[in-house]
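The values are calculated or read from the model by the stated rules, or taken from the named source; none is laboratory data. Keep in mind that what you see is a predicted model, and the values were worked out from it rather than measured. Every residue, glycine among them, receives a Cβ derived from its backbone with ideal geometry; neighbour counts consider all protein chains shown. These accessible areas exclude ligands, DNA and RNA; they are computed on the full protein's heavy atoms, side chains included. Shrake-Rupley method; radii C 1.70, N 1.55, O 1.52, S 1.80 Å.
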Amino acid sequence: MNDLTIERIELRLIEMELTAPFRTSFGVELTRPCIIVTAHGGGLTGWGECVASQAVSAEWAFYSYETVETAWHILKDFLAPALVGRKLSSVEPVVELGERLRGHPMARAGLEAAVWDLLAQAEGLPLADYLTKGQNYSQPRRDRVNVGVSIGIQSSIEETVKNVAGYIQQGYRRIKLKIEPGWDVDLARAVRREFPEVLLMLDANSAYSLEDASRLKQLDEFNLLMIEQPLAYDDIYEHSLLQAQLSTPICLDESIHTPKHAEWAYELNACRIINIKAGRVGGLHDGRAIHDLSLKRGKSVWIGGMLETGIGRAANVALASLPGVTLPSDISASNRYYRQDIAEPPFVLNADSTITVPAAPGIGITVIADQLEAYTQREVVISASKKQ
Ligand code: OSB
Ligand code: MG
């Protein structure tokens with residue numbers, strides 16, 4: 001591929017209303033703010049989504065330390081100005097730029113995603129093919145990715161069972177329930193009794209401590225696919241002590257920020273499974289690296305979600321097409337999240353609980369300009385000419 005110059009980067013802070021509130025052990029989300037990154041170069045436009053999703057509000061509670069404002073600052077003042085005007089033939093220079101920062105993975109990942117989309121388009125390849133190009137996987141990538149649905153904390157167990165039934169009716173074959181202390185064993189028992197066959201897993205979002213081991217051990221009887229992130233968001237070691245006491249596989253989400261963290265977690269037997277989110281690990285490049293090292297070790301991975309718009313979802317679908325993604329991913333149909341998305345066509349669920357990987361070049365969706373405009377609260381353009 002010929003070098004492509006990044007001529008201009010746009011940042012848009014948007015906020016979209018969720019179809020239903022999403023409650024986790026750390027808080028409730030009614031709307032989802034995020035930053036949409038646009039990279040222009042070589043006559044093409046690349047789109048990326050930064051999944052930092054905390055706006056300033058009375059209800060604040062964090063998945064990680066990044067907020068839309070910290071990400072805006074990092075993107076606007078550091079990453080975008082350093083990238084505009086540069087010639088690229090791969091994402092490596094963007095990855096290296098990100099490595100000059102300590103932390104801020106979501107900000108990095110948002111920009112990297114826009115460049116991945118741009119470069120894949122320049123190659124005339126769907127992102128899923130561009131991600132696998134030259135990787136020498138022994139298996140081909142998938143055309144359809146296995147998916148499930150993540151269900152927030154509801155007002156009652158009855159309500160949850162009804163909700164689960166609805167999603168199973170729609171065709172979802174893997175159900176993830178958010179839990180917290182007191183909303184766990186009885187919930188799992190009730191849902192398992194009602195749906196003996198469904199692939200069922202729980203996500204604690206760091207709500208427990210090692211003292212809760214005996215309570216968590218009670219979950220072993222429900223034939224769960226895994227329990228996600230029971231302990232602290234920055235812990236690996238104590239998860240290894242917990243995993244030794246549980247027969248249910250532990251899956252790490254919040255604790256894994258780099259390929260090294262993944263290695264350490266596997267070496268310590270802190271988990272048997274890792275949930276890969278490009279935003280949490282600094283981008284698709286390192287997300288793919290975690291996939292690769294997991295595949296080498298025979299460890300199962302899947303792709304997590306952050307309630308993305310169609311832009312972020314498209315990149316997640318491409319990542320989920322990698323051959324080592326052997327467990328269903330948190331990528332639901334577009335209508336599970338938003339009434340009106342900013343990209344088309346919407347992602348729909350196939351009858352076999354899969355989502356089809358787009359075949360068009362890049363992330364393979366079209367951004368609906370009017371819709372994006374309608375949701376935009378703030379916008380900034382960083383262009384090469386303005387560079388000091
Ligand atoms: O822990 O996986 C999580 C959403 C926001 C923050 C954290 C998490 C989630 C989800 C949503 O579970 C999954 C999805 O996008 O469908
Ligand atoms: Mg999680």
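Any idea of Asp184's accessible area? Nearest 10 Å², probe 1.4 Å.
Surface open to solvent at Asp184 totals about 0 Å².
Quick one: if you stick a label point 7 Å off each Cα along the C-beta vector at Val56 and Ala244, how many nm between them?
4.7
Counting only protein heavy atoms and using a 1.4 Å probe, what share of the accessible area of the range 59-112 belongs to carbon plus sulfur, as a whole percent?
Numbers: 1290 of 2490 Å².
Carbon and sulfur together cover 52 percent of it.
Round to a whole number: what % of the accessible area of the range 120-274 belongs to carbon and sulfur, probe 1.4 Å? Don't jump to the answer; show the numbers that get you there.
Details: 3180 of 6920 Å².
Carbon and sulfur together cover 46 percent of it.
Using the Karplus curve 6.51 cos²θ - 1.76 cosθ + 1.60 with θ = phi - 60°, what ³J(HN,Hα) values do you get for each residue of the range 47-61, in whole Hz, with x for Gly and Pro?
So the J values, rounded to whole Hz, are 10, x, 10, 8, 8, 4, 9, 9, 8, 6, 7, 5, 8, 4, 6.
Once you keep just the Cα pairs under 8 angstrom separated by 6 or more residues, what percentage relative contact order results for the range 163-232?
Numbers: 84 pairs, mean separation 24.8, N = 70.
Across the range 163-232, relative contact order equals 35 percent.
Would you work out the relative contact order for the range 1-160, in percent, from Cα pairs under 8 angstrom that are 6 or more residues apart?
In percent, rounded to a whole number, it is 26.
Within the set of other residues whose C-beta is less than 10 Å from the C-beta of Leu200, count the net charge using Lys and Arg as +1 and Asp and Glu as -1. Can you show the working numbers first?
Details: positive: Arg174, Lys176, Arg192; negative: Glu197.
Around Leu200, the surrounding residues sum to +2.
Counting only other residues whose beta carbon sits under 12 Å from that of Trp60, what net charge do I get with K and R as +1, D and E as -1? It would help to have the intermediate numbers written out before the result.
Details: positive: none; negative: Glu29, Glu59, Glu69.
Once positives and negatives cancel, what remains is -3.
On average, how much accessible surface per residue is there in the chain, in Å², for a 1.4 Å probe, leaving out ligands, DNA and RNA?
Values: 15780 Å² over 388 residues.
Result: 41 Å² per residue.
With a 1.4 Å probe and all protein chains kept in place, how much accessible area does Phe78 have, in Å² rounded to the nearest 10?
Its accessible surface works out to 110 Å², give or take rounding.
With a cut-off of 8 Å between alpha carbons and a minimum separation of six or more residues, what is the relative contact order of the chain in percent? List each step's numbers first, then the result.
Working: 848 pairs, mean separation 85.5, N = 388.
About 22 percent, as a whole number.
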